[in-house]
Amino acid sequence: MSENKRKVAVVVTARPSYSRVKTAIRAIDRHPDLELQLVVSGSALLEKYGTVMRYIEADGFNIREKVYTVLEGENPTTMAKSTGLAIMELSDVFHNLQPDVVVTIADRYETIATSIAAAYQNIPLAHIQGGEITGNIDEKVRHANTKLADMHFVSSEKAKENVIRMGENPEFVFNTGCPSIDLAREAAENPELDFDPIEKYGGVGAEIDWKKGYIVVMQHPVTTEYDHAREHITETLHAVHDLGIPAFWFWPNPDAGSDGTSGGIRAFREKYNPSNIRFFKNMEPQDFLKLIINSKALVGNSSVGIRESGFLGVPVVNIGNRQDGRERGPNVLDVDYDRELIKTAILQQVEHGFYPPVHIYGDGKAGERIAELLATLPLVYHKRLHYE
């Protein structure tokens with residue numbers, strides 16, 4: 001391997017992080033002037049959340065380091081402690097790998113550990129998906145990552161403007177688009193649901209008759225409202241159960257409140273044994289996108305409803321304020337945590353059908369752009385504007 005290759009350490013910490021950056025990892029791995037140093041940490045290593053690591057390895061990527069950092073509890077205190085543990089562990093990893101640049105992804109609470117471990121060791125830091133606005137703790141983490149980063153690969157023009165307004169050097173802020181849209185573009189080019197989700201992934205719950213039409217549900221706790229997570233998910237469960245539409249329901253992310261969300265799901269299953277819902281931990285990113293392309297609607301509060309679904313034109317019912325402030329297309333219908341409002345919105349979106357695609361978050365070529373920028377940008381550390 002050429003000694004002139006830039007060593008790029010990419011840290012994947014959770015299920016959504018991998019889908020957000022998979023095409024960038026692939027482009028980095030294939031780039032003749034870059035050496036990929038892939039680090040997998042956090043819930044991406046845990047079976048409880050679907051073991052994303054297995055999908056990463058199945059995609060042919062070599063994992064250089066595995067870093068276990070998640071403490072049980074899923075509350076604000078364990079979030080803080082898990083982040084602290086990740087700072088210590090990742091600091092050692094970066095010291096040993098000696099990367100030329102570190103890449104941190106988006107806004108999950110633990111991503112700040114990647115940024116601190118790199119920035120405090122004077123390693124140039126690149127941040128993907130900065131400058132966006134949302135309605136929970138992720139926004140603070142995202143903006144903190146931005147201020148610690150030296151290169152910014154944002155997903156929209158508005159996000160680019162926001163990062164520059166935060167005082168970042170415009171010469172190092174690039175609207176690359178979001179790598180998750182790359183996967184959406186690939187899925188749109190081959191949209192056929194060419195696998196049986198239950199046969200391939202198992203899941204638990206009813207043997208739903210999904211071939212006649214279904215919805216997909218993915219609802220996470222809101223970290224600033226974590227103590228209401230159980231009641232929030234219960235409203236959605238009742239709405240979906242009452243409608244009787246077959247549903248593929250995905251387990252929540254490991255945020256504060258996920259115990260409440262998970263507990264609410266388990267209690268509902270035991271009490272009502274819903275005949276129209278099948279529950280899953282995870283799917284490969286491409287399979288998940290094919291699943292939503294062929295669905296009648298996506299329901300919940302995942303950013304997939306804003307990003308990939310907007311690009312694909314999938315009807316979305318967005319519940320609560322987790323995505324407040326994030327740019328979205330006409331495919332998104334916002335409702336509060338109320339079963340009757342949720343039912344009405346689902347029926348409205350199912351009746352409407354698909355929307356015209358919107359390209360707010362890119363054209364599907366972000367991964368290649370990010371790899372080329374990592375290979376060619378001057379690697380500066382803490383280069384800032386000078387204020388008069």
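The values are calculated or read from the model by the stated rules, or taken from the named source; none is laboratory data. Please read these numbers as outputs of a predicted model, since none were measured by experiment. No Cβ is skipped: glycine too gets one built from the backbone with ideal geometry, and neighbour counts run over all protein chains shown.
One residue stands out in the stretch 319-373 among those that are in a helix (DSSP H, G or I) and charged (D, E, K, R): the one that is nearest to Pro246 (Cα to Cα), namely Lys343.
Condition check ((1) within 30 Å of Gly362 (Cβ to Cβ); (2) among the acidic types (Asp, Glu)) across all residues:
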position: Arg185; (1), (2): yes, no
position: Glu189; (1), (2): yes, yes
position: Asp194; (1), (2): yes, yes
position: Gly203; (1), (2): no, no
position: Tyr226; (1), (2): no, no
position: His241; (1), (2): no, no
position: Arg269; (1), (2): no, no
position: Phe288; (1), (2): yes, no
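The single residue among Ala113, Ala27, Ala44 that is within 18 Å of Ala371 (Cβ to Cβ), assigned to a helix (DSSP H, G or I), in contact (Cβ under 8 Å) with a residue 24 or more places away in the chain and of a type in the set (A, V, I, L, M) turns out to be Ala27. Condition check for His95 on (1) out of contact with any Lys or Arg (no Cβ under 6 Å at 6 or more places or on another chain); (2) at pLDDT 95 or above; (3) under 12 Å from Thr114 (Cβ atoms): one failure, at (3). For the stretch 276-328, the candidate set comprises residues that are among the small types (Gly, Ala, Ser) and within 14 Å of His220 (Cβ to Cβ); within that set, the residue that is surrounded by the fewest Cβ atoms within 10 Å (Cβ to Cβ) is Gly320.
Of the helices (runs of 4 or more DSSP H) lying entirely inside the stretch 245-318, those carrying at least 1 residues that are of a type in the set (A, V, I, L, M) and under 14 Å from the mean Cα position of the chain (by Cα) are 285-293.
Can you name every one of the helices (runs of 4 or more DSSP H) wholly within the stretch 132-213 that holds 3 or more residues which are surrounded by 15 or more Cβ atoms within 10 Å (Cβ to Cβ) and either in contact with an Asp or Glu (Cβ under 6 Å, 6 or more places away or on another chain) or free of Cβ contacts under 8 Å to residues at least 40 places away in the same chain (or both)?
137-148, 157-165
Taking the stretch 215-232 only, how many residues are in a loop (DSSP other than H, G, I, E, B) and surrounded by fewer than 22 Cβ atoms within 10 Å (Cβ to Cβ)? Number of matching residues: 0.
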